[in-house]
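Peer 1: The structure's right below; bear with me while I get my questions together.
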Amino acid sequence: MAAIETVWEVLQESHPELPDVYVSVFTEGARHMLIRPDRLEDDMRPELPVYVDTIKAGPRATLEAILHVATHALCQARGISETSNRGMRHNKHFRAVAGELGMKWPEGQPPHATRGFSPIPLAEDAVAGYAPLLTALGQSLDGVVLGVVEEPTTPPRSGARITLRCECTDPPRTFQIGPRIASLGGITCNVCGAEFTEK
C-alpha cells in the first residue's frame, strides 16, 4: 500500500493538479478512475482503486494501472472530456494526456473498436525513468499473497472505510481502506517497520 501511495506522490511532484488520494485494493471490478465521495469532509480524499489481479500481474502492470487512473484525474482537473460511451471509449485527448505520463499507443495500431485508446501501455523509452518506482513496487509485491476473504455475516455499510495511521513521520502518514481488505492482515510501514494502526 505504501509503495503504491509513493508512486502517486511521485506523479504529484511533476503533476501538482493530481489530488491527494488513499489507496484501496479490490478483489474484482473494472473501475479505472478515482472514486470520489459525494462530499469531501475533513481528511477524506478520493479513492485510488487497485485490483488484486493487477497486483498479481506484477509491478509494471500495477504502474500502468496507476498511470491510467492518473490520466483520467488530470483530464478531469483540466476540464478535458477524455471518454465517451459511458466512460468506456477513451479518445485522442486521453491518449495525449497519457503521453505526458510516459504512455504511448503502439505505432500504426488502430484504436480498439469499443475501448478506443485503452489500455494504453507504458512506452519502452519511459521505462528507465520509472525504474526506481518499478523496483520499489517489485520489492514490495515480492512474496505478497493476496486472497479472497469470506464475506462477513453482517457486511459493513457500502462505502465504509477505516483510517490506518503510522506516526513515525511528521505529519503522520494515514490512508483509508475497506474493512474487508484490512482484515487480510497487518500493513507494515516501510519507514519504521511497524504496523499501521487504526486511527
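Peer 1: Tell me, yes or no, whether segment 16-24 has at least one residue that is small (G, A, S) and open to solvent by 10 Å² or more (accessible area, probe 1.4 Å).
Peer 2: To start, the set of residues in segment 16-24 that are small (G, A, S) comprises 24.
Now drop any that are not open to solvent by 10 Å² or more (accessible area, probe 1.4 Å), which leaves none.
No, there is no match, as no residue in segment 16-24 is small (G, A, S) and open to solvent by 10 Å² or more (accessible area, probe 1.4 Å).
Peer 1: Restricting to segment 172-192, name every residue that is outside any loop (DSSP other than H, G, I, E, B) and open to solvent by 40 Å² or more (accessible area, probe 1.4 Å).
Peer 2: Taking segment 172-192 and keeping what is outside any loop (DSSP other than H, G, I, E, B), we get 173-177, 179-182, 188.
Hits for segment 172-192 are R173, P179, R180, T188.
Peer 1: Sticking with this one: I'd like to verify a number: residues in segment 97-129 that are of a type in the set (S, T, N, Q) and under 20 Å from the mean Cα position of the chain (by Cα), how many?
Peer 2: To start, the set of residues in segment 97-129 that are of a type in the set (S, T, N, Q) comprises 109, 114, 118.
Now drop any that are not under 20 Å from the mean Cα position of the chain (by Cα), which leaves 118.
So the answer is 1.
Peer 1: If I filter segment 109-127 for residues that are farther than 25 Å from G58 by Cβ and of a type in the set (A, V, I, L, M, F, W, C), do I get at least one hit?
Peer 2: Yes, because at least one residue in segment 109-127 is farther than 25 Å from G58 by Cβ and of a type in the set (A, V, I, L, M, F, W, C).
Peer 1: Name the one entry in R95, R89, R60 that is open to solvent by 60 Å² or more (accessible area, probe 1.4 Å), in contact with a Ser or Thr (Cβ under 7 Å, 6 or more places away or on another chain) and of a type outside the set (F, W, Y).
Peer 2: Working: R95 fails: in contact with a Ser or Thr (Cβ under 7 Å, 6 or more places away or on another chain); R60 fails: in contact with a Ser or Thr (Cβ under 7 Å, 6 or more places away or on another chain).
Exactly one residue qualifies, and that residue is R89.
Peer 1: Report yes if V21 is free of Cβ contacts under 8 Å to residues at least 40 places away in the same chain, at negative phi and touching a Cys at 6+ places or on another chain (Cβ under 9 Å), otherwise no.
Peer 2: On the way: free of Cβ contacts under 8 Å to residues at least 40 places away in the same chain: yes; at negative phi: yes; touching a Cys at 6+ places or on another chain (Cβ under 9 Å): no.
Spelling it out, it is not the case that V21 is free of Cβ contacts under 8 Å to residues at least 40 places away in the same chain, at negative phi and touching a Cys at 6+ places or on another chain (Cβ under 9 Å).
Peer 1: Hey, another quick one. Check segment 67-74 and report whether any residue there is modelled with pLDDT of 95 or more, outside any loop (DSSP other than H, G, I, E, B) and farther than 16 Å from L18 by Cβ.
Peer 2: no
Peer 1: If we keep just the residues of segment 151-199 that are closer than 16 Å to D20 by Cβ and of a type in the set (A, V, I, L, M), which is modelled with the lowest pLDDT?
Peer 2: Residue satisfying both the conditions and the ranking: I177.
Peer 1: Given the options I80, I55, I120, name the one that is assigned to a helix (DSSP H, G or I) and open to solvent by less than 70 Å² (accessible area, probe 1.4 Å).
Peer 2: On the way: I80 fails: assigned to a helix (DSSP H, G or I); I120 fails: assigned to a helix (DSSP H, G or I).
Going through I80, I55, I120 in turn, the sole match is I55.
Peer 1: What are the pairs, 6+ residues apart or on separate chains, where a residue within segment 94-108 that is over 21 Å from S84 (Cα atoms) and in contact (Cβ under 8 Å) with a residue 24 or more places away in the chain has its Cβ under 7 Å from a residue that is open to solvent by less than 40 Å² (accessible area, probe 1.4 Å) and of a type in the set (D, E, K, R)?
Peer 2: none
The values are calculated or read from the model by the stated rules, or taken from the named source; none is laboratory data. Note that this is a predicted model, so its numbers are computed, not measured. FYI the Cβ positions are ideal-geometry reconstructions off the backbone, even for glycines, and counts take in every protein chain you see. Heavy atoms of the whole protein, side chains included, go into the accessibility calculation; ligands, DNA and RNA do not. Shrake-Rupley method; radii C 1.70, N 1.55, O 1.52, S 1.80 Å.
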